[in-house]
Amino acid sequence: MEELVARLRSSIDVGAVRPMDRTNASGLPGFTIDVIAGQPHLAQQICTEITSMFLQQNVIISERKAEDTTDFINDNCKSKSQLDDQDAKLADFQRRYMGALPDEAQTNFSLLTGLASQLDSVTQSLNRAQQDKLFLNRPEPTNSHCQTIPDGWQP
């Protein structure tokens, strides 16, 4: 049996077809199968069977690539969905704690400085208004201690 397999192997030659010159072919464009047999019909059957094996293997490889691509796309969709969920959680967190996050410290300090200036200005205005109110509400002086100077008096 081994001798028969060895003879069959020696009668078959599978060779690669080289890409044509000046083409940018990146893969194997094809192959040739040469079979030497005593009967042409037998050589054709062997050649057909080997070609069928190559094509079957090519289909299996293509299916694996398609499955891998599908898995890759599904994984990316899941990852995108998870990333979107995390982005939504982050946005919610930032809304909930707006102004209290460490990266907002400089902004908060600037706002606080501006508000402190406004408070000083309003406080000064309030103090002036209170002073004006006191001035306007003070009692009028009475003339009880004053004497009237007669007309024509000279010192």
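Observations
- Residue check for GLU140: of a type in the set (D, E, K, R) and assigned to a helix (DSSP H, G or I): no
- Note on the range 1-26: residues that are among the acidic types (Asp, Glu) and under 46 Å from the mean Cα position of the chain (by Cα) total 1.
- Extreme residue, surrounded by the most Cβ atoms within 10 Å (Cβ to Cβ), among residues of the range 97-115 that are of a type outside the set (Ser, Thr, Tyr) and not in a helix (DSSP H, G or I): LEU101
- Unmet requirement for ASP34, which otherwise passes all of (1) surrounded by fewer than 10 Cβ atoms within 10 Å (Cβ to Cβ); (2) charged (D, E, K, R); (3) touching an Asp or Glu at 6+ places or on another chain (Cβ under 7 Å): (1)
- Every listed requirement among (1) in a loop (DSSP other than H, G, I, E, B); (2) within 30 Å of ARG7 (Cα to Cα) is met by ASP21 save one, (2).
- The range 56-68 residues that are in a helix (DSSP H, G or I), paired with ones that are at pLDDT 95 or above (beta carbon under 6 Å, 6 or more apart): none
The values are calculated or read from the model by the stated rules, or taken from the named source; none is laboratory data. Quick caveat, the model's predicted, so the values are computed rather than measured. Note that each Cβ is placed from the backbone with ideal geometry, even for glycine, and that neighbours are counted across all protein chains shown.
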